[in-house]
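Trainee: Dropping a structure here in structure tokens format, bear with me for questions.
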Amino acid sequence: RGWAAIALSSADRHDHRCWEFEVDGPRAVRALAAFRRAHGLSQKPIAALGASSGGAFVLQLAAVMPLTAIVPQIMAIPPHMLRPYAEGGKGGKGGRGAVFPPTLFVHMGRDERTAERVRRCINHLHASGSRAAEVVCSPLPLTPHFFSSRIASLAPADSKELFTAFRGSGLLLDDGHLRDDPRRSNWREVVQA
């Protein structure tokens, strides 16, 4: 379809592996510029997608380089940090008539904290004349084939074993939904056991 997909990693590869904009922002701009020059793509538009701290990162990236669209997943930032790119690459408040790129927030419906932040960001972007929308993902119940239906390299028997481990450890409600937020539960220990 005429798109090139580029995956970038944060500089932190040892601790949390999260993005830190002050460190990673300039690195990403340089890496993307070099890739685009090397492949004759300098005039092509860029859309940025990031999840969690990567979502915060791409929302901030809009201030330092022109982006066509942004898709932050499971993340929103304080609205005052949503700054459009200013010609000349200075970032900041944006040039005259600068608008933030069209943004599609993708987040989990049960994550009320992120949902509220997304609402504030969307309101701010709409008020400034930018396009913004959201996709709210509903929770999915785990089943014996949940993992193998989503991970091609995972055998159905292994998927069933994972499901059985989740259920046996008390991580699931009777309907198969996770009992607790997976960011705060012990599911990793269950999987490693």
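The values are calculated or read from the model by the stated rules, or taken from the named source; none is laboratory data. Not measured: the values here are computed from a predicted model. For neighbour counting, all protein chains shown are included, and Cβ atoms are generated from backbone atoms with ideal geometry for every residue, glycine included. With ligands, DNA and RNA removed, areas are computed over all heavy atoms of the protein, side chains included. Shrake-Rupley method; radii C 1.70, N 1.55, O 1.52, S 1.80 Å.
Trainee: Under the rule of -39500 (n - 2.57) per DSSP H run of 4 or more residues, summed and divided by the residues of the chain, what mean residue ellipticity at 222 nm is obtained, to the nearest 500 deg cm²/dmol?
Mentor: -10000 deg cm²/dmol
Trainee: Of the accessible area of segment 1-125, with the probe set at 1.4 angstrom, what percent is carbon plus sulfur?
Mentor: 53 percent
Trainee: Averaged over all directions, how much area does the convex hull of the C-alpha atoms of segment 93-148 cover when projected, in nm²?
Mentor: The number I arrive at for segment 93-148 is 5.3 nm².
Trainee: While we're looking at this one, here's another question. Placing unit charges on C-beta atoms (Lys and Arg positive, Asp and Glu negative, everything else neutral), compute the dipole magnitude of segment 76-193 about its Cα centre in debye, rounded to 20.
Mentor: 660 debye
Trainee: Using a probe radius of 1.4 Å on heavy atoms only, what accessible surface per residue do you get for the chain? Whole Å² is fine.
Mentor: Each residue of the chain exposes 64 Å² on average to a 1.4 Å probe.
Trainee: Stretched out fully, how many nm does the piece from Lys160 to Thr143 gain, at 0.36 nm a residue minus the Cα gap?
Mentor: 5.3 nm
Trainee: If the only charges are +1 at each Lys and Arg Cβ and -1 at each Asp and Glu Cβ, what is the size of the charge dipole of segment 9-163 around the Cα centre, to the nearest 20 debye?
Mentor: That gives segment 9-163 a dipole magnitude of about 580 debye.
Trainee: Further, regarding this structure: Compute the acute angle (0 to 90°) between the alpha-carbon long axis of helix 21-38 and the principal axis of greatest extent of the alpha-carbon atoms of the chain; round to the nearest 10°.
Mentor: Helix 21-38 sits at roughly 70 degrees to that axis.
Trainee: Pick out, from Ile151, Val71, Ile122, the residue whose Cα sits farthest towards the positive end of the charge dipole of segment 62-193, with +1 on the Cβ of Lys and Arg and -1 on the Cβ of Asp and Glu.
Mentor: Ile122
Trainee: Hey, got a sec? Which trypsin sites (Lys or Arg not before Pro) in segment 115-193 land in a DSSP loop and have at most 16 other Cβ atoms within 10 Å?
Mentor: Sparse-neighbourhood loop trypsin sites (Lys or Arg not before Pro): Arg131, Arg150, Arg179, Arg183, Arg184.
Trainee: Exposed loop GluC sites (Glu not before Pro) only (DSSP loop, at most 15 other Cβ atoms within 10 Å): please give the longest stretch of the chain free of them, not including the sites.
Mentor: The longest such stretch corresponds to 88-193.
Trainee: Would you be so kind as to identify which of Phe163, Pro101, Leu142 lies farthest towards the positive end of the dipole of the chain, taking Lys and Arg as +1 and Asp and Glu as -1 on Cβ and the Cα centre as origin?
Mentor: Of the candidates, Pro101 comes out farthest on the positive side.
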